[in-house]
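Please read the structure below before turning to the comments.
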Amino acid sequence: MRKQNPSPREKAVAVEYDAKNSPAPVVTAKGEGFVARRIVEIAQAADVPVVEDAALVSALLSLELGQEIPVELYEAVARVLSWIYKLEKGEQA
């Protein structure tokens, strides 16, 4: 039997950005299938915004836990963080 690759919605990566402790966002959780679904469930339960971006998730999945995102991904992650900050301020994203 051939193993099927998880769909893009069954992959997830969590990043955290704390400018005081790190110059770049850091990967704090990642996974596929059940683990990905749990990451999303936990984020939603904690009222953490969830953004779907299959290309960005694929790129971030290659990083290790605790690793800062590489410079090549700064722009993509900055767009996501900007959207989240606007949501938190009650602005239209």
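Please treat every number below as a calculation from the coordinates, not as lab data. Here the structure is a predicted model, which is why all the values come from computation and not from measurement. Neighbour counts run over all protein chains shown; Cβ positions are idealised from the backbone, glycine included.
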Point-charge dipole on Cβ atoms (K/R +1, D/E -1) for the chain, about Cα centre, debye to 20: 360 debye
Neighbour-count ranking [beta-carbon atoms within 10 angstrom, fewest first] of K86, K20: K20, K86
A45 paired with E72, simple spin-label distance in nm, labels 7 Å along Cα-to-beta-carbon: 3.5 nm
Ratio of the Cα radius of gyration of the chain to 2.2 N^0.38 Å, where N counts its residues: 1.12
